[in-house]
Each structure stands twice: as C-alpha cells, then as structure tokens.
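Q: Let me give you the structure first, and then I'll get to my questions.
The values are calculated or read from the model by the stated rules, or taken from the named source; none is laboratory data. Just so you know, these numbers come straight off a predicted model, no measurement behind them. Note that each Cβ is placed from the backbone with ideal geometry, even for glycine, and that neighbours are counted across all protein chains shown. The area values use the complete protein model at the heavy-atom level, side chains included, leaving out ligands, DNA and RNA. Shrake-Rupley method; radii C 1.70, N 1.55, O 1.52, S 1.80 Å.
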Amino acid sequence: MKRFDCLKMVAAQVGDALVVSSAGATALEWNALRPSDGNFRVRTLGLCSSIALGMALGLPRRKVVALDGDGSLLMNLCSLPTIARMRPQNLVHIVFDNEVYEASGSKKTATGCGTDLVGIAAAAGISNARWAKSLGEFSQAVTEALTGDALFFIGAKVATERVEVPPYPVDEVENKYRFIRYVENTAKIEILKTSLPASYF
C-alpha cells in the first residue's frame, strides 16, 4: 500500500479530530491533504504516541488521531503499555510501517527483520490492535475507529515511496501556538494564561 492513499482515507473521515503526526514525510503529506491548525507536527522522533496520549487524556470528549511510523514508535515502545493502561477511548493510533528510518537514509528498522508492532501493542494490552493488509481493510478499520468509542491501534505496511508535496507552511513554534489556540477556540477552554506581574494588582 501507499501511505498517501491511506492518508486520503483518513482525511475523508477524520472530521474535526485533532491529529498528531510523527516527524518526517507523513506530516507533510497529511498537511497537504488536510491543512488545519488542528494538525500538530511532532519534531522529535518517538514522541508522537506519547503526545497523542496526553492530548486524548486532557481532551476526553475530542477524538485524537496519532499518525505514527515504525521508526518513531520503535524509539518509544514504552508508550504502548502506558496507552494500554490509561485506555483513552478517544485515541486512534495509526502506524505506517515501511520498515525503514525514512528521514535518516532509509536504513532498515527492526520491523524489517521481523518485529511485529501490532503484536507488541496487543501484548501490551491494547485489545483493538490489528493489521490492515489492504486499502479496503484500512478504510474499514479507520471507519470503525473514528466512529467508535474505544482505543484503537491500526498497523499498515506501506511502501517507501513518497509523494511530492509542499513543505510544511510554518515552523514548529508557530505550529504549536496555532494548535493551542485552535484547541482553545474549538473546545472552549483556556490553555495559555498570561499572568500580570504582582505589582499590577
């Protein structure tokens, strides 16, 4: 499967969900398909799953989608038992497994040597962990995850092929603040507070 084709299916169904994307080409392809201040681009490889978990726990009435990669998740496998233990019903964790570290020379990852990320997720305690072995299966799994009220982990083996898309339109600092303001406006909550110096009171 091609990752871009999978992302198209997610974009068609995701609605107003908050989307956390891993460092690398996934974030660029996703933003080309669904440009939004509700997209958060993780700049540190490995933290996509943990950041998405925190968002899901902090915003329990909002669907949160993590668009992760095998290289990224392999750097933070300890997030899976934590996700399973906390079991947020609004988190959908999608892992695109192309069996290489795409952003750093395409060296083979452990999944290219037999490591099964879905198997690890299931063993960690995530009951709705499955491989999507075709576009049809992927679409069905995404539909079930986005319309359901349960934690989902979806793995998809994808080709290393990349699609030519524009660069990300903002840097990580602006992305962070735009994302926070988007959440504040759409969830009607206050996240960033500017306190006046004590002498102002």
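Q: Looking for something over 19 Å from the mean Cα position of the chain (by Cα) and among the aliphatic types (A, V, I, L, M) - is there at least one such residue anywhere in region 121-128?
A: yes
Q: I've got another one for you. When you go through (1) of a type in the set (Gly, Ala, Ser); (2) surrounded by 19 or more Cβ atoms within 10 Å (Cβ to Cβ); (3) out of contact with any strand residue (DSSP E or B) (no Cβ under 8 Å at 6 or more places or on another chain); (4) part of a loop (DSSP other than H, G, I, E, B) one by one for residue 15, which number turns out not to apply?
A: Residue 15 satisfies every listed condition except (2).
Q: Here's another thing I want to ask about it. Examine region 29-45 for a residue that is buried (at least 19 other Cβ atoms within 10 Å of the Cβ) and at positive phi, and state whether such a residue exists.
A: Taking every residue of region 29-45 in turn, none turns out to be buried (at least 19 other Cβ atoms within 10 Å of the Cβ) and at positive phi.
Q: Within region 99-140, track down each residue that is acidic (Asp, Glu), buried (at least 17 other Cβ atoms within 10 Å of the Cβ) and in a helix (DSSP H, G or I).
A: Hit for region 99-140 is 102, nothing else.
Q: Restricting to region 1-47, and then to whatever is in contact with a Phe, Trp or Tyr (Cβ under 9 Å, 6 or more places away or on another chain) and of a type in the set (Ser, Thr, Tyr), can you tell me which residue is farthest from residue 186 (Cα to Cα)?
A: This residue is 26.
Q: Could you give every pair whose Cβ atoms fall below 9 Å, whose first residue belongs to region 23-42 and is closer than 12 Å to residue 3 by Cβ, and whose second residue is surrounded by fewer than 24 Cβ atoms within 10 Å (Cβ to Cβ) and of a type in the set (Asp, Glu), counting only separations of at least 6 or pairs across chains?
A: Cβ pairs passing all conditions: 24/102; 25/102; 26/102.
Q: Go through region 58-94 and count every residue that is under 20 Å from residue 14 (Cβ atoms) and not in a helix (DSSP H, G or I).
A: Number satisfying all stated conditions: 18.
Q: Under 7 Å between Cβ atoms, which residue pairs at least 6 apart in sequence (or on different chains) link something in region 168-179 that is under 19 Å from residue 25 (Cα atoms) with a partner that is assigned to a loop (DSSP other than H, G, I, E, B) and open to solvent by 90 Å² or more (accessible area, probe 1.4 Å)?
A: Final answer for the pair search is 172/43.
Q: Can you name the residue in region 3-57 that is closer than 26 Å to residue 104 by Cα and polar (S, T, N, Q) and, of all such residues, is nearest to the chain's Cα centre (by Cα)?
A: Of everything passing the filter in region 3-57, 21 is nearest to the chain's Cα centre (by Cα).
Q: Considering region 55-98 alone, what residues qualify as being crowded, with 18+ Cβ neighbours inside 10 Å, farther than 19 Å from residue 133 by Cβ and among the charged types (D, E, K, R)?
A: If the condition is that a residue be crowded, with 18+ Cβ neighbours inside 10 Å, farther than 19 Å from residue 133 by Cβ and among the charged types (D, E, K, R), then 63 is the only one that fits.
Q: So which residues in region 176-191 are open to solvent by 90 Å² or more (accessible area, probe 1.4 Å) and over 30 Å from residue 104 (Cα atoms)?
A: Across region 176-191, the qualifying residues are 181, 185, 188, 190.
Q: Here is a further query. Please go through region 152-175 and pick out each residue that is exposed (fewer than 15 other Cβ atoms within 10 Å of the Cβ), of a type outside the set (A, V, I, L, M) and outside any loop (DSSP other than H, G, I, E, B).
A: Matches in region 152-175: 172, 174.
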